[in-house]
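Structure record follows, encoded as structure tokens.
The values are calculated or read from the model by the stated rules, or taken from the named source; none is laboratory data. Source: prediction; values computed, not measured. In this analysis, Cβ positions are derived from the backbone assuming ideal geometry, glycine residues included, and neighbour counts consider all displayed protein chains.
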Amino acid sequence: MPRDVLTSKLAGFGTTIFAEMSALAASSGSINLGQGFPDTDGPPEVLDAAIEAIRSGVNQYPPGLGDPDLRRAIAEHHHRWYGLDVDPDTQIVVTAGATEALAGAMLGMLDAGDEVVLFEPMYDSYQAGIALAAATPVPVLLTPAADGRWHFDADVFRAAISDRTKLILLNTPHNPTGKVFDRDELELIAEVAIEHDLVVVTDEVYEHLVFDGSEHIPLATLPGMFERTLTISSGGKTFHTTGWKIGWMSGPTELVTAARLAKQYLTYVNGAPFQPATAVGLRLGDDYYESLVGDLQTARDRLASGLERAGFTTYRPEASYFVTVDIHSIGFAGDAMDFCRALPATAGVVAVPASAFYMNAEHGAHLVRFACCKQLDVIDAAVAKLVEAFA
């Protein structure tokens, strides 16, 4: 056996926490509130469009930039929701989910020794993508405050910028906290990016899953920011088609081209029949998007209220698929990983330790993430088990 076959860039990275916890759910027969995928199908119009595309022969490689009609639908979506005018032929590329777009951005824009400022906790692929580019992540901590929102210290954020900073990576709406960065916070990020001539990559996959009247504001809509922002999103969360892996990146041609040059050597292209189907989804009427948010907000409230009845201090999210709790509030003295590994035996439920989303794991050692993107009867069954175990 050859020695040291794993690249040093990935030393310390193992199987993702989602794979571990989903396997634990399957092996224990527990209710899986860990990995963030819905347990209902998406809109029939979208599913039917995929079936029709397959039957119509859309089964070979799509164009390298993505299906032209999907790129037009993405451009229409940007204008419809945010007033952005994006050229579908030069400023949009379809990707294998947002994860590939993020990897392409990191590999295409970063050199060894560059630094990326981002917010912690963070989706787990961010750190790995930065590592593959031989760059260095510089985390800025988000902490929950008395008002229930997660905040960061503006001075700490400014101090994180150095002469090696190349890029800011921003996830809003945020996973795992459910935070929606407000206009004041975005204006601060924009001010720093412009002052230091930085690129910003934004992950906005939860853009349509925003609750309680909160507003998702794409950073690219702020003055002076379109020309330095690569915006990434996908259809998986919006249309309950996470397994299709249809994402996209958009922005100024220079940034899109840099990310595309790396992306083309990852998957090249993907999901031919799912691309025109996603275009159908993007063109659905406002009633679909309103019901999507309404149903998920109901599920969020059902889960959050149940977690509170079980005794957890609960951080009710402003957006996304997830509710975070503080396990110390029920008297659990160990860390989140121990809690989640024991939870199937304790309560017949699976969750994800939020410590997996921190570079500095101690900051999230007391936090656990539950997914609310499930049918209400599934949530109710999980809540009943948790209340019985902990209340």
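Assorted remarks:
- The residues of segment 170-201 that are polar (S, T, N, Q) and touching a Gly at 6+ places or on another chain (Cβ under 9 Å) amount to a single one, N175.
- The sole residue among G113, G97, G108, G104 that is in the same structural domain as A272 (by TED's automatic domain parsing), within 24 Å of E254 (Cα to Cα), small (G, A, S) and over 21 Å from the mean Cα position of the chain (by Cα) is G113.
- In the set (1) at positive phi; (2) surrounded by 17 or more Cβ atoms within 10 Å (Cβ to Cβ), the condition left unmet by R369 is number (1).
- Taking the criterion of being in contact with a strand residue (DSSP E or B) (Cβ under 8 Å, 6 or more places away or on another chain) and either surrounded by fewer than 19 Cβ atoms within 10 Å (Cβ to Cβ) or more than 12 Å from S250 (Cα to Cα) (or both), the residues of segment 67-83 that qualify are D67, L70.
- Residue match in segment 100-112 (condition: in contact with a helix residue (DSSP H, G or I) (Cβ under 9 Å, 6 or more places away or on another chain), in a loop (DSSP other than H, G, I, E, B) and not aromatic (F, W, Y)): yes
- Taking segment 272-391 and the helices (runs of 4 or more DSSP H) fully enclosed by it, the elements with 1 or more residues that are under 30 Å from R72 (Cβ atoms), under 23 Å from the mean Cα position of the chain (by Cα) and among the acidic types (D, E) are at 286-309.
- Taken over segment 82-99, residues that are in a helix (DSSP H, G or I) and touching an Asp or Glu at 6+ places or on another chain (Cβ under 8 Å) amount to 1.
- Index of the failed condition, A356 passing every other in (1) in contact with a helix residue (DSSP H, G or I) (Cβ under 7 Å, 6 or more places away or on another chain); (2) surrounded by fewer than 24 Cβ atoms within 10 Å (Cβ to Cβ); (3) modelled with pLDDT of 95 or more: (3)
- When residues in segment 133-164 are screened for being surrounded by 13 or more Cβ atoms within 10 Å (Cβ to Cβ) and part of a strand (DSSP E or B), 9 of them pass.
- Only a single item in (1) among the small types (G, A, S); (2) surrounded by fewer than 18 Cβ atoms within 10 Å (Cβ to Cβ); (3) farther than 21 Å from F37 by Cβ is not met by G294, and it is number (3).
- Condition broken by I54, with the remaining ones in (1) of a type in the set (V, I, T); (2) within 23 Å of S125 (Cβ to Cβ); (3) not in a loop (DSSP other than H, G, I, E, B) satisfied: (2)
- Of all the numbered requirements in (1) farther than 23 Å from D39 by Cα; (2) touching a Pro at 6+ places or on another chain (Cβ under 9 Å); (3) touching a residue at least 24 places away in the same chain (Cβ under 8 Å), K374 misses one, and that requirement is (1).
- Filtered by the rule that a residue be closer than 21 Å to P353 by Cβ and of a type in the set (D, E), segment 112-169 gives E120, D124.
- Of everything listed in (1) without any contact (Cβ under 8 Å) to a residue 40 or more places away in the chain; (2) crowded, with 19+ Cβ neighbours inside 10 Å; (3) within 20 Å of S30 (Cα to Cα), the single unmet condition for A351 is (1).
- Residue in segment 165-187 that is acidic (D, E), at pLDDT 95 or above, farther than 24 Å from F226 by Cα and assigned to a helix (DSSP H, G or I) present: no
- Each residue in segment 1-50 was checked for being in contact (Cβ under 8 Å) with a residue 24 or more places away in the chain and aliphatic (A, V, I, L, M), and 11 of them qualify.
- Within segment 25-52, being under 22 Å from G97 (Cα atoms) and polar (S, T, N, Q) holds for Q35, T40.
- Subset of segment 8-62 (residues that are farther than 20 Å from K237 by Cα, in contact with a Gly (Cβ under 9 Å, 6 or more places away or on another chain) and among the small types (G, A, S)): A25, S28, G29, S30
- Among the residues of segment 212-228, those identified as part of a loop (DSSP other than H, G, I, E, B) and small (G, A, S) are G213, S214, G224.
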